[in-house]
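Structure in structure tokens, see below.
Read the figures in this text as sums done on the coordinates, not as results from a lab. Everything numeric in this text was worked out from a predicted model, so none of it was measured. Positions of Cβ are generated from backbone atoms using ideal geometry, with glycine treated the same way; all protein chains shown enter the neighbour counts.
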Amino acid sequence: MEVFRVPSGYGQSEIVEKKSRFIGHVWKVENEEQAISHIKDMREQYYDANHNVYCYILKEGGIMRYTDDGEPSGTAGMPALDVFRGQEIYNVCCVVTRYFGGTLLGTGGLVRAYSKTAKLALQNAGISEMRMWTTAMIPCSYGQFERIRREIEKFSGVTEDTDYGAEIVITASFPSENVEPFCARLTEITAGTVTKDSVLITEEAFRPMEIEMPACD
């Protein structure tokens, strides 16, 4: 079952190193056009900056792009890119803007500043795991409802809707790998009155689930 990580949303960061100001932005993107659009916007917004360094990684096609934008080779775009490669983040675009403060940071200082700014922006954006989820409609009696609802939670499922009629129909979504074991458990707890054949699968789709990431040093 394929699982990959993406930014949860938009994140921004700012640090100052020896009077140089570094401003980071991270976005979740679906394609190269969106990444290029964000980069263009930042170049226009920070037109007076000394450097607008960018990188992006796309899952589809395995696309990775970066630029040092005038900084010494390997000191800016690649360190930012490595933040996302190290976390195995895809569908991400990052721009780090630098306003030079008059003091040279040296190769090591630049690498640390660009990578820290990118990491802080990613931390503020958050990280989500994209995994396949399955949505199913589960029929049950009123007497079975509470027990089944608890079992849905035990299998990391989310109850999305409940239809109360002659019988109850629960609409729930699960990580796809949990559907088979849930159905097996369903047969067990209902003494065979609700089985896999009773469950109607209505959708399978990738969905994000936010996860925790370590704080930036």
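Which far-off residues, 5 or more places away or on another chain, put their amide H under 5 Å from the one on T162, with H placed in the peptide plane?
T171
Which loop-located GluC sites (Glu not before Pro) does segment 36-130 contain, where loop means any DSSP state but H, G, I, E or B and the Cβ has at most 13 other Cβ atoms within 10 Å?
E88
Find how many whole Å separate the alpha carbon centroid of segment 1-68 from the alpha carbon centroid of segment 117-175.
Cα centres, segment 117-175 to segment 1-68: 32 Å.
Which ³J(HN,Hα) values in Hz, rounded to whole numbers, follow from the phi angles of segment 4-11 under the Karplus curve 6.51 cos²θ - 1.76 cosθ + 1.60, where θ = phi - 60° and Gly and Pro get x?
The phi angles translate into 9, 9, 9, x, 6, x, 9, x Hz.
In segment 131-211, what is the volume of the convex hull around the alpha carbon atoms, normalised per residue and reported in Å³? Don't skip to the end; give the middle numbers.
Details: hull volume 7.0 nm³, N = 81.
About 86 Å³ per residue, rounded to a whole number.
Let me ask something additional. What do you get for the angle between helix 32-45 and the principal long axis of the chain? Use alpha-carbon atoms, 0 to 90 degrees, nearest ten.
Orientation of helix 32-45: about 40 degrees from the principal axis.
Using only the Cα atoms of segment 103-142, build the gyration tensor, take square roots of its eigenvalues as a ≥ b ≥ c, and label the shape rounded, prolate or oblate: rounded if a/c is under 1.5, else prolate if a/b is larger than b/c, else oblate.
prolate
5 Å is the cut-off here: which amide hydrogens, built 1.01 Å from N in the peptide plane, fall below it relative to R5, excluding neighbours closer than 5 in sequence?
Amide H neighbours of R5, under 5 Å, 5+ apart: Y90, M130.
Also, I was wondering about something else. Could you work out the equivalent-ellipsoid semi-axes for the chain, taking the square root of 5 times each eigenvalue of the Cα gyration tensor, largest first, in whole Å?
Largest first, the chain gives 48, 15, 14 Å.
Right, next: Is the shape of segment 3-125 best called rounded, prolate or oblate, per the rule: a/c under 1.5 gives rounded, else a/b larger than b/c gives prolate, else oblate, with a ≥ b ≥ c the square roots of the Cα gyration tensor eigenvalues?
prolate
Taking only Cα atoms and a 10 Å spring cutoff, compute GNM fluctuations for the chain and point out the largest among F84, F22, F100.
F100
Size of segment 105-168 along its principal axes in angstrom, Cα-based, largest extent first?
Per principal axis, max minus min of the Cα coordinates gives 73, 17, 16 Å.
Output ³J(HN,Hα) for segment 185-193: one whole-Hz value per residue in order, computed from phi by the Karplus curve 6.51 cos²θ - 1.76 cosθ + 1.60 with θ = phi - 60°, and x for Gly and Pro.
Rounded to whole hertz, the list is 5, 4, 4, 5, 6, 9, 6, x, 7.
Mind putting a number on the dipole of the chain about its Cα centre? Charges go on the C-beta only, +1 for Lys and Arg and -1 for Asp and Glu, and I need it in Debye to the nearest 20.
880 debye
How large is ³J(HN,Hα), in whole Hz, for each residue of segment 137-154 in order, when computed from phi with the Karplus curve 6.51 cos²θ - 1.76 cosθ + 1.60 and θ = phi - 60°, using x for Gly and Pro?
Per-residue couplings from phi come out as 9, 10, x, 7, 7, 4, x, 8, 4, 4, 5, 5, 4, 5, 5, 4, 5, 5 Hz.
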